[in-house]
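Below is one structure, written out as structure tokens, with a few remarks after it.
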Amino acid sequence: MRLGNKRLALAAGTLSSALFLALAFRGLQPEQFLNSLRDLDLGWLLLAASVYFLAVVVISLRWQFLLRAVKPVALSALTQLVFIGYMGNNVYPLRAGDALRIILLRRNHQVPLVRSTTIVAIERLFDGCVMLSFVFAGLLIIDVQSSEVSALLRITAPLFALAMLLALLLASKPDLLKRVISLALHPLPARLSAPGARFADEIIAGFAGLRNPAHLIGAVISSFVTWGIEAGAYWLALRALALDLDYAVALLLVGAVNLAGLIPASPGQVGVNEFVVIAILTALEIPLPAATAYAVIVHIIIWLPITVAGFALLVKQGLGWADIGRARDLKSNANPQLDKA
């Protein structure tokens, strides 16, 4: 992405976050917010942070299932890259963390870029479908009327449903994409059409994990387990603030917050997360100060520990802060011919 486009995207995300922060915190008195933090139970909070780390390990297992058809990689190695990826997404715009873990996967384990990028895109589809199921489950179990959640469902449900159907179609009919691209490339000279054909082959190879029943079932189960564990972290954070709400509320919060990740915002979804959490909790008649305190605390839990751990692992990989921003450019500029399996 060009420098001008990067700056424009960063400015748009920053403005979006500022707007959502203003909406989330409107009408809140600082002393009320501080009073809501007075009885914070640090024991529950530390447990919530620990449970969140467990969720990251399980999501690494999901990545391993989808990668097995391309190349087996040890879970411990993938977990480190996922930590680094989370850190990158938390501190740098345009989901640079995903690009960073793709680059490191190629550097450390020789997995072709296009294949691993396809797998990461598939992971995002799994996440979106799981989030939708969590939101629907939460709405079935608890009585909450939220215009914000309804708007999210109207936008995201058709989007993820169609995208997942397309992914499964391409996985089950690997020659379909190849034929479509071949037809599009047919008028071009060989020097241009040949790289396009290789690119199509690499994408098809990335879908291989969906064509293996065992790998697909493992990816689906681990997707639900990992986000269910993260919902457990959200529920423990509710306990830390003595908010007596069911686990179904945590499912709804996790689903809605992550679906809202489609909204352009600053790194870490600052502002958007708080707005969504506060909207749901106030719809459940939780007082605004307590809802705001929870929104801030739970965001810190899912942001700070993983960011610190991810940066430490990045340094262990021999990289530094500047490499996070360079990762997306490195991925964009990579020569597909170097990525043959």
Translational diffusion coefficient (Stokes-Einstein; Kirkwood radius from C-alpha pairs) of segment 278-325 at 25 °C, 0.890 mPa s, in µm²/s: 191 µm²/s
Mean separation of Cα pairs under 8 Å and 6+ residues apart, divided by the residue count of the chain: what relative contact order is that in percent? 37 percent
Solvent-accessible area of Trp227, probe 1.4 Å, all protein chains present, reported in Å² to the nearest ten, please. 20 Å²
Mind telling me which of His215, His109, His186 comes out most flexible in a GNM of the chain, alpha-carbon contacts under 10 Å? His186
Helix-only mean residue ellipticity at 222 nm, the chain, DSSP H runs n ≥ 4 weighted -39,500 (n - 2.57), per residue, nearest 500. What is it? -27000 deg cm²/dmol
If amide H atoms are built 1.01 Å from N in the plane of the peptide, which residues on other chains or at least 5 residues away come under 5 Å of the amide H of Leu284? none
3J(HN,Hα) from dihedral phi, segment 72-89, Karplus parametrisation 6.51/-1.76/1.60, rounded to Hz, x for glycine, proline: x, 9, 4, 4, 4, 5, 5, 4, 4, 5, 5, 4, 5, x, 4, 4, x, 5
Cα-based shape type of segment 13-88, given that a ≥ b ≥ c are square roots of the gyration tensor eigenvalues and the cut on a/c is 1.5: oblate
To one decimal place, what orientation-averaged projected area in nm² is obtained for the convex hull of the Cα set of the chain? 17.9 nm²
Among Asn212, Asn89, Asn35, the residue with the largest mean-square fluctuation in a Gaussian network model of the chain built from Cα contacts under 10 Å is Asn35
Estimated FRET transfer efficiency (Ala121, Leu168; beta-carbon r; R0 22 Å; 0.05): 0.95
Between beta-carbons, use under 9 Å as the cut-off and find the net charge around Ala242, counting Lys and Arg +1, Asp and Glu -1. -2
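What's the local net charge at Ala283, with K and R +1, D and E -1, over the other residues with C-beta under 13 Å away?
-3
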Per-bin percent of Cα-Cα distances, segment 107-172 [5 Å]: 3, 14, 20, 19, 14, 11, 8, 6, 3, 2
Could you tell me what percent of the accessible area of segment 21-157 is made up of carbon and sulfur, with a 1.4 Å probe and every protein chain present? 63 percent
What number, in percent, do you get for the relative contact order of segment 142-288 if the mean sequence gap of Cα pairs under 8 Å and at least 6 apart is divided by its residue count? 28 percent
Ranked by GNM mean-square fluctuation in the chain (Cα springs under 10 Å), the top entry among Ala208, Ala151, Ala24 is Ala151
For segment 58-64, take each phi angle, set θ = phi - 60°, evaluate the Karplus expression 6.51 cos²θ - 1.76 cosθ + 1.60, and give the result in whole Hz per residue in order, putting x for glycine and proline. 5, 5, 5, 5, 4, 4, 5
Can you give the angle from 0 to 90° between the axis of helix 3-25 and the longest principal axis of the chain, with both taken from C-alpha atoms, to the nearest 10? 20 degrees
Rank these by accessible area, largest first, 1.4 Å probe: Lys173, Lys316. Lys316, Lys173
Using the Karplus equation 6.51 cos²θ - 1.76 cosθ + 1.60 (θ = phi - 60°), what ³J(HN,Hα) coupling, rounded to whole Hz, does each residue of segment 234-251 give in order, writing x for Gly and Pro? 4, 5, 5, 5, 4, 5, 4, 9, 6, 8, 7, 10, 6, 4, 4, 5, 5, 4
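The values are calculated or read from the model by the stated rules, or taken from the named source; none is laboratory data. Values in this document were obtained by computation on a predicted structure and should not be read as measured data. All Cβ positions, even for glycine, are placed from backbone atoms using ideal geometry, and neighbour counts span all protein chains on display. To get the accessible areas, we keep the full protein, side chains included, count just its heavy atoms, and leave off ligands, DNA and RNA. Shrake-Rupley method; radii C 1.70, N 1.55, O 1.52, S 1.80 Å.
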